[in-house]
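Colleague: Take this structure first; my questions come after.
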Amino acid sequence: NAGVMQNPRHLVRRRGQEARLRCSPMKGHSHVYWYRQLPEEGLKFMVYLQKENIIDESGMPKERFSAEFPKEGPSILRIQQVVRGDSAAYFCASSPQGRNIQYFGAGTRLSVL
Amino acid sequence: AQTVTQSQPEMSVQEAETVTLSCTYDTSESDYYLFWYKQPPSRQMILVIRQEAYKQQNATENRFSVNFQKAAKSFSLKISDSQLGDAAMYFCAYVSGSRLTFGEGTQLTVNP
């Protein structure tokens with residue numbers, strides 16, 4: 001049973017470009033969460049999605065950031081017009097229906113030049 | 001809002017010895033879960049142990065155990081017979097509902 005898969009592992013973008021981060025949850029998991037980890041800090045919640053629905057996006061920045069979890073395919077975290085402050089590790093986690101355990105992927109490290 | 005506090009930014013332990021990492025949290029909820037996650041240099045987040053708030057018995061996973069004091073809102077992690085592979089950043093986390101709230105982490109060094 002493959003774990004949570006995130007790609008790419010490392011992503012380099014120049015200021016003003018778009019970043020697209022992908023997350024495939026564990027098999028059988030229908031809940032996906034995105035977290036951001038700034039250097040030397042703990043993880044901060046961004047958004048919680050189920051298939052085709054955003055359940056809680058209270059941790060998402062109001063502008064430039066969006067997330068989706070389509071009926072088919074991985075969840076996507078999209079950052080438009082990236083700035084240097086977006087440089088961080090972005091983690092995806094998944095959980096099965098009705099369970100409170102979240103399993104994490106290896107993260108995507110975004111570097112904005 | 002729920003908060004999680006880890007008051008020890010860094011800890012060190014000798015190989016084969018025991019170390020305890022502290023964590024306190026603040027919540028008005030009665031039904032919640034607590035976790036310890038380990039983040040080694042690879043940066044992968046690895047679940048170490050889980051505790052349900054309604055269970056009085058402390059969770060144990062091999063060399064890892066917790067001391068859960070619900071009234072004091074304290075959730076410490078004890079690592080017995082420490083191994084070099086235990087060296088990592090350890091995060092305490094709380095969940096009620098959906099989102100995880102993490103502490104700032106404790107960097108554990110294991111000395112040979």
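The values are calculated or read from the model by the stated rules, or taken from the named source; none is laboratory data. All figures in this text were calculated on a predicted structure; none of them were measured in a lab. Here the Cβ positions follow ideal geometry from the backbone for every residue, glycine too, while neighbour counts run over all protein chains shown. When the accessible area is computed, the model is the full protein with side chains, heavy atoms only, and any ligands, DNA or RNA have been set aside. Shrake-Rupley method; radii C 1.70, N 1.55, O 1.52, S 1.80 Å.
Colleague: Computing the accessible area with a 1.4 Å probe over protein heavy atoms, can you report the carbon and sulfur percentage for chain A?
Modeller: Exposed carbon and sulfur together represent 46 percent of the surface.
Colleague: If you don't mind, another one. Under a cut-off of 28 Å between alpha-carbon atoms, report the lysines in cross-link reach of A:Lys71, not counting same-chain residues fewer than 8 places apart.
Modeller: A:Lys27, A:Lys44, A:Lys51, A:Lys62
Colleague: Take the solvent-accessible surface of the protein heavy atoms, probe 1.4 Å, and return the percent of it on chain B that carbon and sulfur atoms account for.
Modeller: 44 percent
Colleague: So, one more: Exactly which GluC sites (Glu not before Pro) in region A:1-66 are in a DSSP loop and have at most 13 other Cβ atoms within 10 Å?
Modeller: A:Glu18, A:Glu40, A:Glu41, A:Glu52, A:Glu63
Colleague: Mind grabbing the interface size between B and A? I mean buried accessible area, both sides, 1.4 Å probe, in Å² to the nearest hundred.
Modeller: Chain pair B/A: roughly 1800 Å² of buried accessible area.
Colleague: Averaged per residue, what accessible surface does chain A expose to a 1.4 Å probe, in Å²? Walk me through the numbers on the way to the answer.
Modeller: Working: 5770 Å² over 113 residues.
Heavy-atom accessible area per residue stands at 51 Å².
Colleague: Percent relative contact order of chain A, based on C-alpha pairs within less than 8 angstrom and at least six residues apart? Show your work: numbers first, answer last.
Modeller: Details: 290 pairs, mean separation 41.7, N = 113.
Once divided by the residue count of chain A, the mean separation gives 37 percent.
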